[in-house]
Amino acid sequence: MEPPVEPPPYAPGTTTRTIRRAATARTGTVAPYRVLADGPGEPHTVRTDLVPERAPEPGGSVVLRAVHLTDLQIADLTSPARVEFLQELEGTPGLRLMLPAYRPQEFLALHGAEAMIRTLRDPVAAGGPIDLVLTTGDNTDSAQANELRTWLDLLTGAAPIDPARGAGGLDATPSAVRGGAYWNPEPGPADVWKRERGFPDVPGLLAEAARPFRPAGLAVPWLACFGNHDTLVQGRAPTTPALERLVRGAAKPVASPLGLPGGDLIDAYRLDPTVVSGGASRPVRPDPGRRHVGVAEYVRAHLEAGGDPAGHGFTAANAADGTGYYVYDAVPGVRLICLDTTNPGGYADGSLGARQAAWLTDRLAEVHGPGADRAVVLFSHHGLSTLTNGVPPADPAERTAADLPRLLAPDVERLLHRFPNVVAWVSGHTHVNRVTPRPGPGGGFWEISTSSLAEWPVQGRRLELGTAGPGIVVLRSTSLDSAAPADPADGHGLWRLAALHREAAANEPGSVGGPAAHGTPADRNVDLLVGVPVALTDALTGAGRPWNGPYGATTAR
């Protein structure tokens, strides 16, 4: 077990430090490789888009201090289901929705995630005490049982983490290929990442990254939900018998077949996820954990994982019904509602099933009205901006379980605007820090999307919910970097590996979120005001604790 090290200092008077792209360290034939540096913490700005004629007041209280983590995408890097070879065809028409299929920093993703978890155990590094961690899916990469086990061990600290996952070590991953299309940090023939983008030689890095480590585990309650990568093959396709045979076998495809289907490849892949797997292959060691996990098994694994709360939001009823949505009422004055927005018919974007929408309506009605009001925060993998996918399963026998018809963003937004105590919807999926106002007849709510831990900027988001005067709820958002140093040379052990993960992610050109995934200042450290019934803010103020900052009883803004 590697002991935690002291996190770097944070400048007085700021919230957290920020990590920024800095000078060019090496040049490539296509783009420079840029290193990172610490920047000052950003101040909070107030967004009044939803209450333009109101101003926050002192004397409020905070009822929830949470951190949002999303899109870890823990991957079995030697799984026959992976299609990283498609990355070599980037730019080919029809492949856009199948990429990225490879990330140069992926062999360090577990170290980046562990660094964030250890950071959250330190109240100074985390920006203050934490009551709860919300995770919003894509915890795994391809809905495999061995990926799920690693995810649960990482968050609970229940068992050592083996980054090589017992299937041939990192020497069997694309990162060990010398002189090819993947970043190999060992000295030797220059691969495309070193030649074109200046990626560095880091001797011994693959061996160091392969060593097992003891995870710290989250020290506070945490809640889970589903993403498309948690229930679909590569986040895009329902499993098939042919795919199950492939993934349990001893041959891993390493090249595309000579002919690929025309049109958008994802259309053919959704119907048959082995359609790209007919090219050259290499032997891999079979792993009994390489099998698809359905919703019910995913839920049961969380129920059996231990930790607080039991099931991490999921219930025995979820396991029995094969559903992935629930309510969490342990925070006084607040109802947290987890939605399952993944479309089991395939494709990456989401939607809401009709039965789930009816359930949601009932759960909202329970906490709306005089004497019953709670502030409602929804959380799910997809937010409104990506509820665009209403496709039914190709197999008619599976359509009942798919909860048809599927509701898309306009219908879901109209439903939510019937309830003025809905204040926020927290989501992932886009891998981008973005905050969007959703005005409505009752005032509206904020859609808060947080970037991925797998990609740049490798951040979480601290969210504090409280009051800022009669009829005003405030959500204080703070982007959160892990305590890993900006410069890998300033760290050692796991902290150095996490710093290398972040630095490589900052130089990945084809990420889901893109090079501007960190968002604008209006998407990061912001105070988001929402108008709600005065009776609700009265109840929240009585149930909360004083703000440590601008909305405290003696601090005028």
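The values are calculated or read from the model by the stated rules, or taken from the named source; none is laboratory data. Just so it is clear, the model here is predicted, and its values are computed rather than measured. Here the Cβ positions follow ideal geometry from the backbone for every residue, glycine too, while neighbour counts run over all protein chains shown.
Structural remarks
- F379 fulfils the conditions (1) surrounded by fewer than 23 Cβ atoms within 10 Å (Cβ to Cβ); (2) touching a Phe, Trp or Tyr at 6+ places or on another chain (Cβ under 8 Å); (3) closer than 23 Å to G294 by Cβ except for a single criterion, (1).
- Only listed residue being on the phi < 0 side of the Ramachandran plot, surrounded by fewer than 19 Cβ atoms within 10 Å (Cβ to Cβ) and either modelled with pLDDT of 90 or more or under 25 Å from the mean Cα position of the chain (by Cα) (or both), chosen from P509, P550: P509
- Candidate set from the stretch 357-377 (those that are touching a residue at least 60 places away in the same chain (Cβ under 8 Å) and of a type in the set (A, V, I, L, M, F, W, C)); member that is farthest from W446 (Cα to Cα): A375
- Single match in A181, A159, A172 (criterion: among the small types (G, A, S) and within 29 Å of C338 (Cα to Cα)): A159
- For the residues G333, G324, the requirement of being over 23 Å from the mean Cα position of the chain (by Cα) and surrounded by 21 or more Cβ atoms within 10 Å (Cβ to Cβ) singles out G333.
- Residue ID - farthest from I74 (Cα to Cα), chosen from residues in the stretch 276-291 that are out of contact with any strand residue (DSSP E or B) (no Cβ under 7 Å at 6 or more places or on another chain) and surrounded by 18 or more Cβ atoms within 10 Å (Cβ to Cβ): V276
- Looking at A317, A409, A394, just one residue is touching a Leu at 6+ places or on another chain (Cβ under 8 Å), modelled with pLDDT of 95 or more and either over 30 Å from L97 (Cα atoms) or not polar (S, T, N, Q) (or both), and that residue is A409.
- Verdict on G59 being within 29 Å of Q234 (Cβ to Cβ), modelled with pLDDT under 95 and surrounded by fewer than 22 Cβ atoms within 10 Å (Cβ to Cβ): no
- Residue in the stretch 241-254 that is touching a residue at least 60 places away in the same chain (Cβ under 8 Å), part of a loop (DSSP other than H, G, I, E, B) and buried (at least 20 other Cβ atoms within 10 Å of the Cβ) present: no
- Enumeration of residues in the stretch 413-470 that are more than 22 Å from L72 (Cα to Cα), part of a loop (DSSP other than H, G, I, E, B) and among the polar types (S, T, N, Q): N421
- No other residue among V473, V458 is on the phi > 0 side of the Ramachandran plot and surrounded by 19 or more Cβ atoms within 10 Å (Cβ to Cβ) apart from V458.
- Qualifying residue in the stretch 438-449 (condition: at pLDDT 95 or above, in contact with a helix residue (DSSP H, G or I) (Cβ under 6 Å, 6 or more places away or on another chain) and farther than 28 Å from G112 by Cα): no
- Filtered residues of the stretch 472-501 (kept if touching a strand residue (DSSP E or B) at 6+ places or on another chain (Cβ under 7 Å), of a type in the set (A, V, I, L, M) and under 18 Å from V133 (Cβ atoms)): L475, L480
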